[in-house]
Amino acid sequence: MTSPSDAAAGAAEAAARRSYSKLIAFLAARTRDVAGAEDALSEALAVALTEWPLHGVPHTPDAWLLTVARRKLIDAVRRRRLDEAASEHLLWLAELQADDDSEPAWPDRRLGLLFACAHPGIARELHAPLMLQVVLGFDATTIASAFLVAPATMAQRLVRAKTKIRQAGIGFEVPQGDALRERLGTVLDAIYAAYAEGWSDPEGVDARRRNLADEAIWLGRLVASLLPDEGEALGLLSLMLHTHARRDARRDAAGDYVPLSEQDPARWDAPLVDDAEALLHRANRCAAAPGRYQLEAAVQSAHAMRRRTGAIDWPAIERLYDALCELTGSPVAALNRAVALAETRGAAAALAALDALAHDARLADYQPHWAARAELLARSGALDAAQQAYAQAIGLEREPAVRRYLQQRAAHWRQRAAAVSSTAR
Amino acid sequence: MEYLLMIYSDPAGYDKLSPSQQAEGLAAYGAYHEALKKAGVLKNSNRLRPASAATTVRLQSGKTQVLDGPYAETREQLGGYFLIDVPDLDAALSWAARCPGAAHGIVEVRPVWAM
């Protein structure tokens, strides 16, 4: 038997989980005080935990939480006189109280909240952490681990970003027209950054971190459902679903790393791949020219074709990376283009493309750059140079399974070199 | 700024590895060392002999006391260190995450008090 307090706690948690982002977005939209909205909502949850066991769970828990949280917010605004001008302060109170008689069906301001978190006035590297905290309720320590930042530093940066939203008057309005497309890009980038950090924990060692990839997909679905005609929003969701479908295929039974081209397509999550394909199809019918995420999703789609045809369409992938390079100028896109070139035109052409990137400082500490260089050097017979590049890739890798894989590749080519020199003798 | 990356791990873990796994582990450290050097951030680095080789010295009530063994008898022991010079803590943490010690033990990152 569950006690009334357990049942009430469960109901409060469920309501908070279901409606957290909606409640925060609505509470913060008027005042732009995200931290205040978070405090008010957590106070309201605490009240729920003491009152619901005594008086029963209300019929509409979300509306109940909203009413109590708003009262807490008004109290807090009344108390605070320190850093806000008195007139602004009075205006807030009037706005908050004007909402008091609003009906339970409050408007969905979550999209506005996402745009506020990814506002150009906030440092780019904070967009994703801020979204994770404000929209999804992650704590600073978890976010800090995911982004490799000290917890105290991350907490401080998040507080500062929220202060900036309030003090600079960053709005919660969803931009329209061209501005929408421009600003949507930063929102999508932040969601993808959160996804990538969750994805880079393939062993699933950190349960909270795996959760991060799922939550980023949830955000992607939210944006795609609220902006169903934006090809890039659909493209990003397609990209994330494609890669997510392969999450289990990245390791074999022994826990060793399996590169994409050697994965068993039977181990991909087929319904997820189908979803991803359908989304990409919808994205391609949108009016705007395909953007970064649509192109990247198309690359993943070309890899996914292998489950039907048994072969990877490298010429298509090369063309897509051509388009990505032109669109973004990203050195990572150029690197991936070189890898595709190795399949379509051979190692020498690919190495020439890589040499053109050799002095790009952004790739100096990027493991995949060194791994690609090593493999191409080895394939074209430059075995000593290949070993040096492998060592660099191994030294830069964080994931033990990938490190082992690179060490095995290096050993494989060392043995080949030894065999060659012994037959020469 | 200089940071000391200290690697704490259970020495029994290394002893349990097969010779080829041990060689692979040491090679990973070698590659990490090279990557730090190539990035121009490495100041100094050493692997320490096992904690069983440690001797502690202290002055107690005016008498010098010499004891066998490490300062703290914990399962994880300091096994080595990297002293690096990087712009900030974020950069130090990103190097610490790449250290093989982060996988088989714990890497403690401490800023050096500049004299």
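Data for the structure
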read-out	value
Single match in B:Tyr8, B:Tyr29 (criterion: more than 14 Å from chain A (Cβ to nearest Cβ), open to solvent by less than 80 Å² (accessible area, probe 1.4 Å) and within 17 Å of the chain's Cα centre (by Cα))	B:Tyr8
Failed item, numbered, when A:Gly381 is tested on (1) within 22 Å of A:Gln263 (Cβ to Cβ); (2) without any contact (Cβ under 8 Å) to a residue 40 or more places away in the chain	(1)
Cβ pairs under 9 Å, 6+ apart, first in region B:97-115 and farther than 14 Å from B:Leu78 by Cβ and without any contact (Cβ under 8 Å) to a residue 40 or more places away in the chain, second of a type in the set (D, E, K, R) and in a helix (DSSP H, G or I)	B:Ala103/A:Arg403
Lone unmet requirement of (1) within 14 Å of chain A (Cβ to nearest Cβ); (2) open to solvent by 60 Å² or more (accessible area, probe 1.4 Å); (3) among the aliphatic types (A, V, I, L, M) for B:Val66	(1)
Failed item, numbered, when A:Leu27 is tested on (1) modelled with pLDDT of 85 or more; (2) assigned to a helix (DSSP H, G or I); (3) open to solvent by 10 Å² or more (accessible area, probe 1.4 Å)	(3)
A:Leu226 being within 30 Å of A:Gln176 (Cβ to Cβ), touching a residue at least 40 places away in the same chain (Cβ under 8 Å) and open to solvent by less than 20 Å² (accessible area, probe 1.4 Å)	no
Top-ranked residue of region A:267-299 - restricted to ones that are over 24 Å from A:Asp189 (Cα atoms) and without any contact (Cβ under 8 Å) to a residue 24 or more places away in the chain, ranked as least open to solvent (accessible area, probe 1.4 Å)	A:Pro271
Hits in region B:97-107 - residues which are farther than 20 Å from B:Lys16 by Cα and assigned to a helix (DSSP H, G or I)	B:Ala97, B:Arg98
Residue count, region A:396-415 (criterion: open to solvent by less than 40 Å² (accessible area, probe 1.4 Å), more than 9 Å from every other protein chain (Cβ to nearest Cβ) and under 16 Å from A:Asp256 (Cβ atoms))	2
Which numbered condition A:Gly381 misses (of (1) in a helix (DSSP H, G or I); (2) more than 14 Å from chain B (Cβ to nearest Cβ); (3) surrounded by fewer than 19 Cβ atoms within 10 Å (Cβ to Cβ))	(1)
Those residues of region A:384-395 which are surrounded by fewer than 22 Cβ atoms within 10 Å (Cβ to Cβ) and more than 12 Å from every other protein chain (Cβ to nearest Cβ), in sequence order	A:Asp384, A:Ala385
Helices (runs of 4 or more DSSP H) (entirely within region A:53-127) containing at least 2 residues that are out of contact with any Leu (no Cβ under 8 Å at 6 or more places or on another chain) and at pLDDT below 90	A:61-79, A:86-98
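The values are calculated or read from the model by the stated rules, or taken from the named source; none is laboratory data. Keep in mind that this is a model prediction, so the values were computed, not measured. For neighbour counting, all protein chains shown are included, and Cβ atoms are generated from backbone atoms with ideal geometry for every residue, glycine included. For the accessible areas, the whole protein counts, side chains as well, though only heavy atoms, and no ligand, DNA or RNA atoms are used. Shrake-Rupley method; radii C 1.70, N 1.55, O 1.52, S 1.80 Å.
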